[in-house]
Amino acid sequence: MDTSFSNDYGEARARFLDAARSAGAVVSSFRLDQPGPEALPEAVAALHVHALNPYGFAWLRRTNETNVDINRNWVDFTKALPTNARYDELSQDLCPADWSEASQAQTGARIAAWIKRQGPDGAAIYQQAVSGGQWNHPRGLFYGGSEMSWSRKTLTAILTSKLDLAERVCLLDFHTGLGPYGYAEPIIGFRRDTPEFARTRSWIGAGAKSLHGDGSVSSEITGDSLSAVPALLTHAAADVVALECGIRPVNEVASALRADAWLHAYGDPLSPEGRRIQRQMREAFHSDDLMWQGMALGQGLAACQAALGELRRFAANERGG
């Protein structure tokens, strides 16, 4: 709902500046040398990284300019790449060259039959096979690439340069697409039986799940940044948490991803069909519903406050009080 009123100072200032620029006004700013209510204590800093995958962001895709899923790209490319035999079995039906209604019906039926053959856990096996990561099908889903992506290199450079003096790091990575509507599940990259998992859960909350065999809404991923980033910051005690906020049922998300893969491999993104598929992708990973937005925002802010609380405690202990 459009309103002339703002929720806080930050929003009000931003809207005022936008309106002034739109009107062609000359703006002068006068800085007050006092902190606002969100001031960080001494020895605590916040680092925000936005639009790490600008190409995908612009084209409403999860993947980058070469169809690489950034969150499957964190593998060691100097060694033999991981294999995913189940994805290999499904690859032709997941990403067919023909995306007609008849083809969608035929490939969908074959996928359903494949799931049924896996037994009572077929749906979970299918999700793991498709989204766990694969490195053999460059046009396919959740493709991890053949080399380090620009996004991986850029994030590595940011973290290693900006956090080179940090002793304690709490990193939050915001995701959408999986899980119950509006619930942001905290997912930790460490295994549940490790001290690092216990340390991370102590500040993010008892509802957190491990990415590895803990019943998370996410499959057990290979090549994810969640597990890889702490190794970049060996000088610090680094915790990484993904918040995965659900929107649409998982089968609708999967259909949108299949359509998107076909579009950029065989179709025309600027065609009417392309625009329709882009809307489908947006609806799978974002909601215009104000209730969903409030839930996502509220849980995100709560996670940020939890991380800041942990950093404040660490800084206070380091100062001896």
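Could you tell me how many of the residues in segment 286-297 are hydrophobic (A, V, I, L, M, F, W, C) and either at positive phi or crowded, with 19+ Cβ neighbours inside 10 Å (or both)?
Of the residues in segment 286-297, the ones hydrophobic (A, V, I, L, M, F, W, C) are 290-292, 295-297.
Going one step further and asking which of them are either at positive phi or crowded, with 19+ Cβ neighbours inside 10 Å (or both), we end up with 296.
Here the count works out to 1.
Go through the residues of segment 203-215 one by one and say whether even a single one is surrounded by 16 or more Cβ atoms within 10 Å (Cβ to Cβ), aromatic (Phe, Trp, Tyr) and not in a loop (DSSP other than H, G, I, E, B).
yes
So in segment 298-307, with the set limited to residues that are in contact (Cβ under 8 Å) with a residue 12 or more places away in the chain and over 16 Å from the mean Cα position of the chain (by Cα), which one is least open to solvent (accessible area, probe 1.4 Å)?
Filtering first and then ranking leaves Ala307.
Can you name every one of the helices (runs of 4 or more DSSP H) wholly within segment 49-138 that holds 1 or more residues which are surrounded by 19 or more Cβ atoms within 10 Å (Cβ to Cβ) and β-branched (Val, Ile, Thr)?
Counting at least 1 such residues, we get 101-117, 122-131.
Could you please find all residues in segment 139-178 being of a type in the set (Val, Ile, Thr) and assigned to a helix (DSSP H, G or I)?
Thr154, Thr156, Ile158, Thr160
Does segment 233-251 include one or more residues that are over 24 Å from Asp288 (Cα atoms), among the β-branched types (Val, Ile, Thr) and modelled with pLDDT of 95 or more? Full working, then the answer.
So the first thing to find is which residues in segment 233-251 are over 24 Å from Asp288 (Cα atoms), and the list is 233-241.
Still in the running and among the β-branched types (Val, Ile, Thr): 234, 240-241.
Subset that is modelled with pLDDT of 95 or more: 240-241.
Yes; the residues of segment 233-251 include at least one that is over 24 Å from Asp288 (Cα atoms), among the β-branched types (Val, Ile, Thr) and modelled with pLDDT of 95 or more.
The values are calculated or read from the model by the stated rules, or taken from the named source; none is laboratory data. Just so you know, these numbers come straight off a predicted model, no measurement behind them. With ideal geometry, Cβ positions are generated from the backbone for all residues, glycine too; neighbour counts draw on all protein chains shown. Quick note on the areas: whole protein, heavy atoms, side chains included, nothing else; ligands and nucleic acids left out. Shrake-Rupley method; radii C 1.70, N 1.55, O 1.52, S 1.80 Å.
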